Amino acid sequence: MKLNSLPTEVILSHSKTTLGFLDLDWTPEPGTFVEVEGQTYLVLERSHRYRLVADRYHLHAIALYVQKFQTPADKSLLEGRWVIGDITCSYNARSELIRCAVNPSGPCDRCIHRQPFASQEA
């Protein structure tokens, strides 16, 4: 059985509520987005589920743990991908999942740790 033909259960991460089952023609990785019933969700984790058949384990299903995606107001396009937070701060994680190393939940504009990003160029 091919990985892409497996049923994929989409689970809301914080409440462990099943949002539904999808038949995807691609393999979602953490950090990518899936759409379920018109709502966009961010994939946090992908889990494989196996079944014992004839003394061997076979991949049976995939579970995606997701969170509802809310477009942050402070997102920026950096090197072809969206990142959240103030990218001019040296503590910015340069990630679409985590805003900052010292203040991950934000906001950036009132952060007491904000430091201007020092360019690596000499």
Legend entry - Dipole in debye (nearest 20) - the chain, about Cα centre, beta carbon charges: Lys, Arg +1; Asp, Glu -1: 320 debye
Inset, instruction - Go through TYR57, TRP26, GLY106 and say which Cα lies farthest out towards the positive end of the charge dipole of the chain; charges sit on Cβ, +1 for Lys and Arg, -1 for Asp and Glu. - result: TYR57
Inset, instruction - Could you line up TYR57, TYR91 from fewest to most neighbouring Cβ atoms inside 10 Å? - result: TYR57, TYR91
Inset, instruction - Show the residues, 5+ positions off or on another chain, whose built amide H is closer than 5 Å to the amide H of LEU24. - result: THR8
Legend entry - Relative contact order (percent, whole number), the stretch 71-115, Cα cutoff 8 Å, 6+ residue spacing: 27 percent
Inset, instruction - Mind ranking 26-35, 46-55 by how tightly packed they are, going by the mean number of other C-beta atoms within 10 angstrom, highest first? - result: 26-35, 46-55
Inset, instruction - Can you tell me the FRET efficiency between ALA54 and LEU97 if r is taken as the Cβ-Cβ distance and R0 is 30 Å, rounded to the nearest 0.05? - result: 0.15
Legend entry - Under Karplus coefficients 6.51, -1.76 and 1.60, residue-wise ³J(HN,Hα) of the stretch 99-108 in Hz, glycine/proline x: 6, 7, 6, 9, 9, x, 8, x, x, 6
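Readers should treat all values here as calculations from the given coordinates under stated rules, not as data from a laboratory. In this text, all values refer to a predicted model and were calculated from it rather than measured experimentally. All Cβ positions, glycine included, derive from the backbone under ideal geometry; neighbour counts span all protein chains shown.
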